[in-house]
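Please read the structure below before turning to the comments.
Taken together, the values in this text are just the output of simple stated rules run on the coordinates, not laboratory data. Bear in mind that the values here come from a model prediction, so they are computed numbers and not experimental data. Don't worry about glycine lacking a Cβ; one is built from the backbone with ideal geometry, like all the others, and counts go over all protein chains shown.
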Amino acid sequence: MKSVFARHGIPSKVRSDSGSQYVSAEFRQFAESWGFTHTVSSPHYQQSNGLAERFVQSVKKMLSKSKQDGKDPYIAMLKYRNTPLENLDSPAQLLMNRRLRTTIPTIKNRLKPKCGNLKNTQRKMKQQKMNQKQYYDKSSKPLPELQPNDTIRFQHNPKGKWDQGTVVRNNNTPNSYVTETPEGQIFKRNRKHLLKTKKKTKSNKHL
């Protein structure tokens, strides 16, 4: 990560999943010393980190296809970075203001740096996000917020069984909560994986 920051600059915000390497004291010190804000997505809820998850899936498909076809995976990545996005320039143009030279012949003038219209690009990206949100909202229904001490059932993973627990507090990230089991175990879960119940949870912490 330091090598990426040294090449492209330190971002103001970094968003990641809740992997142990990202929630460690060492990473917190790294974020503080390098001057960026770090937020994590809800555990076992890929949609909350959708952009990164989609890119990971795209890269996996490219690498798998390259292996099946016996082709160089770096050429596949080069073509991906040079291909225009939906209603936008290519990733290379967005990052470096120029097209990349590939194995496909092209005229030199097309490879010269050319500054794009930043405001226009930001407007298009914002519009895309709004369109995606509107499409998603058509088939989704917001779940009611939970309060501390609410009794709930929660999933350890998206396909796991529902266990008893209690809401401790909001996790300071959208739709994410800190929960506690009757045995005193602490878990962080997205609201989607929490089901409010009327049954009181028995605590074994003081037994």
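Annotations
- At 1.002 mPa s and 20 °C, Stokes diffusion of the stretch 151-196 via Kirkwood alpha-carbon radius, µm² per second: 209
- In terms of its C-alpha gyration tensor, the stretch 72-140 has an oblate overall shape, because the principal axis ratio a/c (a ≥ b ≥ c, square roots of the eigenvalues) is not below 1.5 and a/b does not outweigh b/c.
- Label point distance in nm, residue 77-residue 63, each placed 7 Å from Cα along Cα→Cβ: 0.9
- Distance violations [Cα-Cα > 24 Å] among 65/112; 13/119; 13/126; 141/196: 65/112
- Charge dipole (Cα centre; +1 on Lys/Arg Cβ, -1 on Asp/Glu Cβ; no other charges) of the stretch 72-140 amounts to roughly 360 debye.
- Exposure proxy ranking for 74, 177, based on other Cβ atoms within 10 angstrom of each Cβ and starting from the fewest, stands as 74, 177.
- Take each peptide in 79-86, 1-8, count the other Cβ atoms within 10 Å of every residue, and average; sorted highest first, the result is 79-86, 1-8.
- Segment residue 86..residue 141, full-extension length gain: 17.0 nm, with 0.36 nm per residue of separation and the alpha-carbon distance subtracted.
- C-alpha center-to-center spacing [the stretch 84-134, the stretch 172-188] in angstrom: 41
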